[in-house]
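A short worksheet on the structure shown next.
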Amino acid sequence: MLDTPTNNFCTLDEGDTGSYATLTQGALTSEGNTSADAGWTHSTMAMMDGSGKWYSEHRVVEFFETGGSYPSIVVSSVKDGYYNGTLLTSRYYADYCKLKPSGDVEENGSLFTEQSGMDTGSDLSAGDIINVAVDTDNKKVWFGINGTWNGSGNPGGNSNPTFTYSTATDLVFSCQHLHGTGSEGTSTVVSNFGQNGTFNGAITAAGNSDGNDIGDFKYSVPSGFLALCASNISTPTIKKPSDHFNPVLYTGNGSTQSITGAGFQPDLVWIKNRSASDNHKLTDAVRGVTKEIESNTNDIEATNDDGLTAFGSDGFSLGDDDEYNTNTENYVSWNWKAGNSSASNEDGSINTTATSVNTTAGFSISNYQGTGSNATVGHGLGVAPSVIIIKNRDTDDNWRVYSLNDPTDYLALNWTGASTDDNTTWNDTAPTSSVFTIGTDTNVNRSGDDFIAYCFAEVAGFSKFGKYLGNGDTNGSVIRLGFKPAFVIVKKSSSSGSSWFMWDNKRDSYNPVGVNSMWADAVNGDTDHSSYYVDFLSNGFKLRGTNAGSNASGGTIMYMAWAEAPLSYSTAR
């Protein structure tokens, strides 16, 4: 096969099949069963919106349309439990279009529109190969059988697509196994994303004029289309995420010491004692060294001359405070790089006293003074932030978190409450590319008080913020990030009583992650409990625990994630 360590090809996702399908032969053969009504398996790599044109082939080996299990080849938009913004009872039912064993095509949801005259009307036979072409630039999908495209389609000529769509979305190739009325047998499909020489009987890979891989397929790849593999994925803006975010572990010495290994001069350092029930400590370059706030309390900012005492070119220096540096106790620090310098931002109705910005990594730190009236504050990112975390420095108000792209609600970092509807926090106004809006809520805008705001925008291959649907099962959902995560925070937002889970790749360097768990709103050190477990994957993370806070059945859980490596450079654990 063409799949090598230096150029990984897409396969089917071993962690995303549930109990409905069995994958073999390097996760390219998918076998359904005769009892599961909607067995899905999705591709490991997504076709990102506007990322180009992609081709795959799928050989139908065996199916029993009336008496057993039968497959459909699908292009789907998996929204992690959401369909058109509505919570689903199963994450697998999203917008999709497909070719069925009858040769007919079908779409589900409102994303895809079938074009006229696209049903072939002839049954598939064992051995037939389904051709699929997806153009994410022009938002078109073609299906064909044995090299003949439905309705005289011509992907290379951009004409007569089987389906079109207009809404920007990321797509995956999928195989859906359905069962019929009896138990005659199972359905089997062999997928080829360009690495499978057995479709041709030999490896005959070639590149196009740009040097991209078109892979090894049975039929001619349409002009301009490529195999879905690492070498064809767009080069990420941030090739080395640890230049902008990096967890660092250290052991206290009870005196003073300098912690190195961050790989850059950090502008936000979040420290937690792993060995004892101490408070979380956050120090940033905008407020200055020795100025600490705590994610697990609503306490005002304190000055601690024995805490974090300096930012260095590769980390930070510490005094002998117990919560930072107790002798022989273990600590974790999460380190973000902003701008290493700051100046007032005057984009909003409130001028910040200082804003430090890293537009490459989508992170900024701003200090502003509240007015008590509806206002806007500049963040400097150049794109709208997905997450905003705010703390009043001068009054013991609660933290406020903007998330889920919902300006009507807020969460609080220091408590376990659900997402709360309130029009005074963000004034029911979404942030823009230049400012975020605050209302009259004293937790974000008490007149005369100073506030610190941490703003995060998504950067493809580096950070992602969103939500997923829990299933309450140890075989949980796969949350696709487009990168291998270094740090993940999750919070159930649909009901109260759940903490902010925190997992990283340094405290747990192998799967399952969560052997060393902690919570942003609690003082406990590392805790091992199997109900908290997740797996860190090359393309995201998979829920392995049943705890309601991270995987409640039917619960909506928000997540924040930062990368260890983008997908095109990542490896599995």
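Tabulated values for the structure
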item	result
Criterion (over 18 Å from the mean Cα position of the chain (by Cα), of a type in the set (Ser, Thr, Tyr) and buried (at least 22 other Cβ atoms within 10 Å of the Cβ)) met by exactly one of Ser509, Ser498	Ser498
Residue selected from the stretch 245-265 under the condition outside any strand (DSSP E or B) and of a type in the set (A, V, I, L, M, F, W, C), by the criterion surrounded by the most Cβ atoms within 10 Å (Cβ to Cβ)	Ala262
Number of the condition not met by Ser364 [criteria: (1) modelled with pLDDT of 95 or more; (2) within 24 Å of the chain's Cα centre (by Cα); (3) of a type outside the set (Phe, Trp, Tyr); (4) outside any strand (DSSP E or B)]	(4)
Among (1) of a type outside the set (Asp, Glu); (2) free of Cβ contacts under 8 Å to residues at least 24 places away in the same chain; (3) assigned to a strand (DSSP E or B) - the single one Ser341 does not satisfy	(3)
Any hit, the stretch 511-532, residues being among the charged types (D, E, K, R), within 16 Å of Ile479 (Cβ to Cβ) and in contact with a strand residue (DSSP E or B) (Cβ under 6 Å, 6 or more places away or on another chain)	no
The stretch 314-326, subset in contact (Cβ under 8 Å) with a residue 24 or more places away in the chain and in contact with an Asp or Glu (Cβ under 9 Å, 6 or more places away or on another chain), residue surrounded by the most Cβ atoms within 10 Å (Cβ to Cβ)	Tyr324
The lone exception for Lys391 - which of (1) among the charged types (D, E, K, R); (2) modelled with pLDDT of 95 or more; (3) surrounded by fewer than 22 Cβ atoms within 10 Å (Cβ to Cβ) it fails	(3)
Lys291 being among the basic types (Lys, Arg), surrounded by 22 or more Cβ atoms within 10 Å (Cβ to Cβ) and outside the structural domain of Leu411 (by TED's automatic domain parsing)	no
Hits in the stretch 70-89 (condition: modelled with pLDDT of 60 or more and either more than 20 Å from the chain's Cα centre (by Cα) or outside any loop (DSSP other than H, G, I, E, B) (or both))	Tyr70, Pro71, Ser72, Ile73, Val74, Val75, Ser76, Ser77
Residue that is surrounded by the fewest Cβ atoms within 10 Å (Cβ to Cβ) [pool: residues in the stretch 205-237 that are modelled with pLDDT under 90 and of a type in the set (A, V, I, L, M)]	Ala206
Every residue from the stretch 404-458 that is more than 24 Å from Glu346 (Cα to Cα) and touching a helix residue (DSSP H, G or I) at 6+ places or on another chain (Cβ under 9 Å)	Tyr410, Ala412, Thr416
Odd one out for Asn398, checked against (1) crowded, with 23+ Cβ neighbours inside 10 Å; (2) not hydroxyl-bearing (Ser, Thr, Tyr); (3) not in a strand (DSSP E or B)	(1)
Cβ-Cβ under 8 Å pairs, at least 6 apart or on other chains, the stretch 406-433 side in a loop (DSSP other than H, G, I, E, B), far side surrounded by fewer than 16 Cβ atoms within 10 Å (Cβ to Cβ) and small (Gly, Ala, Ser)	Pro407/Ala430; Thr416/Ser496; Thr416/Gly497; Gly417/Ser496; Ala418/Ser495; Ala418/Ser496; Ser433/Gly382
In the stretch 90-102, residue modelled with the lowest pLDDT [restricted to those that are under 23 Å from Val221 (Cα atoms) and either surrounded by fewer than 17 Cβ atoms within 10 Å (Cβ to Cβ) or charged (D, E, K, R) (or both)]	Lys100
Flag for Ala133 being in contact with a Ser or Thr (Cβ under 9 Å, 6 or more places away or on another chain), modelled with pLDDT under 90, closer than 18 Å to Phe173 by Cα and of a type in the set (A, V, I, L, M)	no
The stretch 437-451 residues that are assigned by TED's automatic domain parsing to the domain that holds Asn423 and under 18 Å from Asn298 (Cα atoms), paired with ones that are part of a helix (DSSP H, G or I) and among the acidic types (Asp, Glu) (beta carbon under 9 Å, 6 or more apart)	none
Filtered residues of the stretch 532-550 (kept if within 16 Å of Thr416 (Cβ to Cβ), among the polar types (S, T, N, Q) and either over 15 Å from the mean Cα position of the chain (by Cα) or outside any helix (DSSP H, G or I) (or both))	Asn547
Any hit, the stretch 374-386, residues being crowded, with 21+ Cβ neighbours inside 10 Å, touching an Asp or Glu at 6+ places or on another chain (Cβ under 9 Å), among the aliphatic types (A, V, I, L, M) and touching a residue at least 12 places away in the same chain (Cβ under 8 Å)	yes
Residues (touching a residue at least 40 places away in the same chain (Cβ under 8 Å) and not in a loop (DSSP other than H, G, I, E, B)) located in the stretch 120-141	Ile129, Ile130, Asn131, Val132, Ala133, Val134, Asp135, Val141
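The values are calculated or read from the model by the stated rules, or taken from the named source; none is laboratory data. Fair warning: this is a prediction, and the values are worked out from it, not measured in the lab. Every residue, glycine among them, receives a Cβ derived from its backbone with ideal geometry; neighbour counts consider all protein chains shown.
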